[in-house]
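Right, one structure below, let's go through it.
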Amino acid sequence: MELTFPAAIKQSGFTLLEVLISLIVLAIGLLGLAGIQAINIKDNLTAYNRSQATQFSYDITDRMRTNKIVIDNYLTSFMASGVAVAQAGCTVVGGCSAAQMAQNDLFEWNSTLNSLIPSSRNIISKSGDTYTITLSWDENRDGDNTNDPEFQASFQP
């Protein structure tokens with residue numbers, strides 16, 4: 001007796017193995033895309049913080065140039081307590097002295113700076129007749145201030 005086999009059956013469609021392989025390739029591609037997106041978000045935050053630091057340094061520079069009479073009152077070493085306090089009456093023209101205005105400017109500047117750039121630190125210093133504003137912040141929020149980004153702006157009144 002002779003055995004006969006049916007003719008080879010033609011396959012149509014995909015096999016389960018082909019579908020699984022294509023899903024794995026797609027998943028790897030999507031993971032790479034998610035990684036790029038995470039890096040993009042981190043870099044955008046860095047750019048935002050640097051842009052804010054630039055704006056804040058120009059803001060305090062303008063405030064200092066406007067109040068040249070007591071410009072040294074803006075130096076961070078000038079404040080004994082290290083914290084500027086709000087001054088009553090400085091929101092209207094002629095409502096406070098130049099020294100009070102310097103304190104009020106620093107209070108407003110520090111308050112806005114700390115609300116927009118978390119864990120920010122600032123130093124306003126003087127060398128000769130050049131003033132330098134140094135801003136740094138905890139970019140990765142690890143509490144370690146050794147490798148934090150820093151922005152410096154110098155000017156002469």
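Scan the stretch 63-75 for residues that are open to solvent by 40 Å² or more (accessible area, probe 1.4 Å) and either within 15 Å of Leu135 (Cβ to Cβ) or touching a residue at least 24 places away in the same chain (Cβ under 8 Å) (or both) and jot them down. Break it down stepwise before answering.
From the stretch 63-75, those open to solvent by 40 Å² or more (accessible area, probe 1.4 Å) are 63, 65-66, 68-69, 72; that's our starting set.
Passing the criteria: Arg63, Arg65, Lys68, Ile69, Asp72.
With Thr4, Thr46 as the choices, which residue is at pLDDT below 90 and surrounded by 11 or more Cβ atoms within 10 Å (Cβ to Cβ)? First the steps, then the outcome.
On the way: Thr4 fails: surrounded by 11 or more Cβ atoms within 10 Å (Cβ to Cβ).
Testing whether each residue is at pLDDT below 90 and surrounded by 11 or more Cβ atoms within 10 Å (Cβ to Cβ) leaves just Thr46.
May I ask you to list the residues in the stretch 127-157 that are part of a loop (DSSP other than H, G, I, E, B), open to solvent by 80 Å² or more (accessible area, probe 1.4 Å) and closer than 15 Å to Asn73 by Cα? Show your work before the answer.
Taking the stretch 127-157 as the starting set, the residues that turn out to be part of a loop (DSSP other than H, G, I, E, B) are 128-129, 138-149, 156-157.
Of the ones still in play, those that are also open to solvent by 80 Å² or more (accessible area, probe 1.4 Å) are 129, 140-142, 145-147, 156.
Passing the criteria: only Asp129.
Can you name every residue in the stretch 101-121 that is hydrophobic (A, V, I, L, M, F, W, C) and surrounded by 18 or more Cβ atoms within 10 Å (Cβ to Cβ)?
Quick first cut of the stretch 101-121, residues hydrophobic (A, V, I, L, M, F, W, C) only: 101-102, 106-107, 109, 113, 116-117.
Listed by number, the residues that qualify are Met101, Ala102, Leu106, Trp109, Leu113, Ile117.
Identify the single condition in (1) touching a strand residue (DSSP E or B) at 6+ places or on another chain (Cβ under 6 Å); (2) surrounded by fewer than 16 Cβ atoms within 10 Å (Cβ to Cβ); (3) closer than 29 Å to Gly89 by Cβ that Ile124 does not satisfy, given that it satisfies every other one.
(2)
Look at the stretch 108-119 and say how many of its residues are in contact (Cβ under 8 Å) with a residue 40 or more places away in the chain and of a type outside the set (Phe, Trp, Tyr).
First, pick out the residues of the stretch 108-119 that are in contact (Cβ under 8 Å) with a residue 40 or more places away in the chain: 109, 112-113, 116-117.
Still in the running and of a type outside the set (Phe, Trp, Tyr): 112-113, 116-117.
So the answer is 4.
Specify which of the listed residues (Ala38, Ala47, Ala99, Ala86) is more than 18 Å from Thr134 (Cβ to Cβ), touching a residue at least 12 places away in the same chain (Cβ under 8 Å) and outside any loop (DSSP other than H, G, I, E, B). Show your work before the answer.
Values: Ala38 fails: touching a residue at least 12 places away in the same chain (Cβ under 8 Å); Ala47 fails: touching a residue at least 12 places away in the same chain (Cβ under 8 Å); Ala86 fails: outside any loop (DSSP other than H, G, I, E, B).
Just one listed residue meets the conditions, Ala99.
The values are calculated or read from the model by the stated rules, or taken from the named source; none is laboratory data. Here the structure is a predicted model, which means the values were calculated and not measured. Reconstructed Cβ throughout: ideal geometry from the backbone, glycine too, with neighbour counts over all protein chains shown. When the accessible area is computed, the model is the full protein with side chains, heavy atoms only, and any ligands, DNA or RNA have been set aside. Shrake-Rupley method; radii C 1.70, N 1.55, O 1.52, S 1.80 Å.
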